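Undergrad: The structure's right below; bear with me while I get my questions together.
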Amino acid sequence: MSSTQKSATDRARVLIEALPYIKRFRGKTLVIKYGGNAMVDAELKQSFARDVVLMKLVGMNPVIVHGGGPQIGEVLQQVGKESKFVEGLRVTDRETMDIVEMVLGGLVNKEIVNLLNQQGGKAVGLSGKDGGLIRARKLVVNKKSAKELPSEIIDIGHVGEVESINPEVVALLDTQDFIPVIAPIGVGEDGQTYNINADLVAGKLAITLQAEKLILLTNTAGVLDQQENVLTGLSAKEVGKLVADGTIQGGMLPKVGCALDAVNSGVRSAHIIDGRVVHAVLLEVFTDDGVGTLIQG
């Protein structure tokens with residue numbers, strides 16, 4: 001067999017492997033949290049956009065929720081404002097909130113929309129404020145003190161959590177073959193604007209839409225065991241044991257918590273995948289092996 005024939009045969013095998021997944025997920029909603037290296041590396045940005053557009057073209061309904069922490073930090077630095085964090089959350093006063101909204105709802109959101117449209121998609125950028133999409137409430141932070149002292153409640157400003165999500169706008173866009181791209185900004189009953197962690201927004205949105213999948217792109221290979229091997233095919237119960245024995249810790253804990261909340265609330269599966277891999281989303285959705293950790297209820 002010539003090299004040309006082998007290449008063609010390999011491509012055919014890939015398509016054949018993808019076919020049952022295309023059939024299974026046609027018409028299903030997949031919520032994808034887009035962040036990390038995949039948002040800043042040029043090749044990864046292009047591959048992500050192609051993945052999402054292909055998913056839409058074969059009949060799936062991808063919904064994108066994006067972060068933008070590094071971009072926010074860069075703009076704050078440019079205006080001479082220091083980034084401060086408490087328990088991993090950005091302290092967000094009124095001036096910082098204006099910049100967060102400008103960067104997330106403007107610069108970052110429109111760049112992603114443009115990337116998707118350049119690849120042949122029909123993307124529409126949204127803030128959680130649009131159409132009352134995300135109703136938020138102020139997040140209360142309890143900072144741990146010394147063992148003998150009670151935890152300290154700290155006001156970190158315009159940082160919120162999701163109170164409720166109105167799925168009507170997203171559902172309407174899906175029926176018209178648009179790809180929603182959502183900035184994680186919400187509004188409270190008092191009209192205040194809040195910055196919300198993108199993982200949390202993606203998880204709550206997946207639950208509200210009763211999505212088939214929640215996919216979280218990260219800068220790690222997935223959930224690792226103590227020998228740093230990637231774990232996959234995990235049940236919620238198994239994940240709980242890994243948290244209890246300290247195998248899952250640090251920055252992975254909130255992502256795993258988000259995934260567990262989703263699968264325990266009706267989302268079929270959650271995926272914590274390596275966004276540093278080219279075409280990570282396609283590999284996770286359309287192949288048998290995937291590129292990260294699959295969690296099911």
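The values are calculated or read from the model by the stated rules, or taken from the named source; none is laboratory data. If you're wondering where the values come from, they're calculated on a predicted model, not measured in any experiment. Calculation scope for accessible area: heavy atoms of the full protein, side chains included, ligands and nucleic acids excluded. Shrake-Rupley method; radii C 1.70, N 1.55, O 1.52, S 1.80 Å.
Undergrad: Give me P(r) over segment 4-79, computed from all C-alpha to C-alpha distances, binned every 5 Å, as integer percentages.
TA: Each 5 Å bin holds this share of Cα pairs: 3, 13, 16, 17, 17, 14, 8, 6, 4, 3, 1, 0.
Undergrad: Same structure, new question: With every protein chain left in place, what is the accessible area per residue of the chain in square angstrom, probe 1.4 Å?
TA: Solvent-accessible surface per residue comes out at 49 Å².
Undergrad: Oh, and also: For the chain, which DSSP H helices look membrane-span-like by this rule: Cα extent along the axis of 24 Å or more and mean Kyte-Doolittle of at least -1.0?
TA: Span-like helices, by this rule, are 3-25.
Undergrad: Roughly to the nearest percent, how much of the accessible area of the chain is carbon and sulfur, given a 1.4 Å probe?
TA: So the carbon and sulfur contribution to the accessible surface is 51 percent.
Undergrad: Further question: Would you pull out the residues with amide H under 5 Å of residue 156's amide H, same chain only if 5 or more places away, H placed 1.01 Å from N?
TA: Sorted by chain and number, the residues that satisfy this are 141.
Undergrad: A follow-up question, please. Just to be sure I understand: with springs between alpha-carbon atoms less than 10 Å apart, which residue in 172, 282, 217 has the highest mean-square fluctuation in the Gaussian network model of the chain?
TA: 172
Undergrad: Go through segment 211-218 residue by residue and turn each phi into a ³J(HN,Hα) via Karplus (6.51, -1.76, 1.60, θ = phi - 60°); whole Hz please, and just put x for glycine and proline.
TA: Using θ = phi - 60°, the values come out as 5, 5, 9, 10, 10, 10, 7, 10 Hz.
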